[in-house]
Amino acid sequence: MKFYIETFGCKVNSYESNYVKQSLIKSGFLFTEDLARANIVIINTCTVTNTADAKCRKFVRKVKRENKDIILVVMGCSVQNNYDEYRKMDIDILIGNKNKSEIANLIKQYLQDHQKYTFIEKNRDLSFEEMTITDFDHTRAFIKIQDGCDNFCSYCIIPYVRGKCRSKNFEEIIEEAKLLVKNNHHEIVLTGIHTGSYKDREYDLVDVINELSKIDGLERIRLSSVEVTELNDKFLKMLKENSKFCNHLHIPLQAGSDEILKKMNRKYDLNYYFQKIHQIRQIRPDISITTDIIVGFPGETNEMFEKTYENALKLKFSKIHVFPYSKRNGTVASKMSEVTSHEKTNRVHKLLNLSQILEKEYENQFLGKNLDVLIEEVKDNVSIGHSSNYILVKINKKLEKGNIYSIKYQMDNNEEKVAQ
């Protein structure tokens, strides 16, 4: 039987879907990238915004409408958050954020007894669900080292659907990384719901990074995201000394107004954030720092948004991921009065325009310089990949996928950044 997987949302979801794919192949199922050819369809859902929820539900309905005889498996955050809506749909296996590692067994059981299966664990006090992958769909491999969140930012539903913070066994992370390196993955991204909270016995996130850096063949270690409050002296020391750690950090700001940060229940103020960014750039002056910003949070005035804009400009991010505030029922912010959708849209566009300007400014400083580029895709004699500081580069020659090359970064006649 052939199966197809559709993944919505974050890098953690990508990792979990990759594990499900691997476990099904080991169980004798065949993977297909063609939805129309699949006997089994697995949908890994996301609930971070209303738009994410809507996309997931729309895809579930589409699959059922166009593939009436398939076995349909739906799992993940949107199911956990909107169970009552999903259980009304004709879904064969429906689970939230627990027992994803059992998908292969659940499908085999369904093929035997044809009994629909539903499981939602409402308790936040969950243990870490063990998953290990030996190969990854992409050249850059992810390892999920942490799950859950205890921050309870006032706008965020994720702590309610992912449970408490919990971490993967330290030694198992190292062994998993070694297996991935053996399968030609030279860059590993450490990911989690709140990755910086990693803690296993006496080991923390920096210990994981430093131990991974000892693996022969592993050339790059990257973080999916880290909170500014977790960039302590130990982390900064690692940043200074560990040459395998990528020249890129994604550090969510979320708002450039202290008043809004407080309403968001973020654990820092602007002064703290600016000081940390300054410390990082003292260590690595040309590091790429990307961020997330939410606009139109309840109570955000035009003046507050302008402060966010001005501070984003001062911080000189290399890219800003901009999100309009999305009301999530059950959160503290859902009880606050909302900014109009028109204002939100205007603010999103303004900040995205700033992001494009800052991104161009950051990238231009590397023109004429050598960058180490991991080749992720090769087509029509053009190789495409990312540098350590996450600049996307096209190279006008055929190179070996999965390898890292030192190349000169420059502009071609079409004003497109390429490397020769």
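The values are calculated or read from the model by the stated rules, or taken from the named source; none is laboratory data. Note that the coordinates shown come from a computational prediction; the quantities given were computed from them, not determined experimentally. Because the Cβ atoms are built from the backbone with ideal geometry, glycine has one as well, and the counts that use them run over all protein chains shown.
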Checklist entry - With respect to the numbered conditions (1) at pLDDT below 95; (2) under 30 Å from THR134 (Cβ atoms), which one is the sole condition not fulfilled by GLU66? => result (2)
Checklist entry - Just for segment 43-78: of the residues that are more than 19 Å from the chain's Cα centre (by Cα) and aliphatic (A, V, I, L, M), which one is farthest from ILE5 (Cα to Cα)? => result ALA54
Item to check | Residues located in segment 135-186, provided they are over 30 Å from MET264 (Cβ atoms) and among the basic types (Lys, Arg) | outcome: ARG140, LYS178, LYS182
Item to check | Selection from segment 195-237 of residues that are touching a helix residue (DSSP H, G or I) at 6+ places or on another chain (Cβ under 7 Å), under 27 Å from ILE375 (Cα atoms) and part of a strand (DSSP E or B) | outcome: ILE221, LEU223
Next on the checklist: Any residue that is surrounded by fewer than 18 Cβ atoms within 10 Å (Cβ to Cβ), within 20 Å of SER224 (Cα to Cα) and at pLDDT 95 or above - is there at least one of those in segment 288-308?
Outcome noted: yes
Next on the checklist: Among the residues in segment 376-384, are any of a type in the set (Gly, Ala, Ser) and outside any strand (DSSP E or B)?
Outcome noted: no
Next on the checklist: Kindly evaluate LEU231 against the criterion of being out of contact with any strand residue (DSSP E or B) (no Cβ under 7 Å at 6 or more places or on another chain), surrounded by 15 or more Cβ atoms within 10 Å (Cβ to Cβ), more than 30 Å from LYS335 (Cα to Cα) and not assigned by TED's automatic domain parsing to the domain that holds GLU172.
Outcome noted: no
Next on the checklist: What's the number of the only condition in (1) touching a Leu at 6+ places or on another chain (Cβ under 7 Å); (2) without any contact (Cβ under 8 Å) to a residue 12 or more places away in the chain that LYS379 fails to meet?
Outcome noted: (1)
Item to check | helices (runs of 4 or more DSSP H) contained in segment 62-167 and holding at least 2 residues without any contact (Cβ under 8 Å) to a residue 12 or more places away in the chain | outcome: 103-113
Next on the checklist: Taking the conditions exactly as written (within 21 Å of the chain's Cα centre (by Cα) and in contact (Cβ under 8 Å) with a residue 40 or more places away in the chain), does ILE287 satisfy them or not?
Outcome noted: yes
Item to check | Per-region count, segment 19-75, residues closer than 18 Å to ILE93 by Cα and among the polar types (S, T, N, Q) | outcome: 6
Next on the checklist: List the residue pairs whose Cβ atoms are under 6 Å apart, where the first residue sits in segment 254-274 and is without any contact (Cβ under 8 Å) to a residue 40 or more places away in the chain, the second is surrounded by 15 or more Cβ atoms within 10 Å (Cβ to Cβ) and part of a loop (DSSP other than H, G, I, E, B), and the two are 6 or more positions apart or on different chains.
Outcome noted: LEU261/ALA255
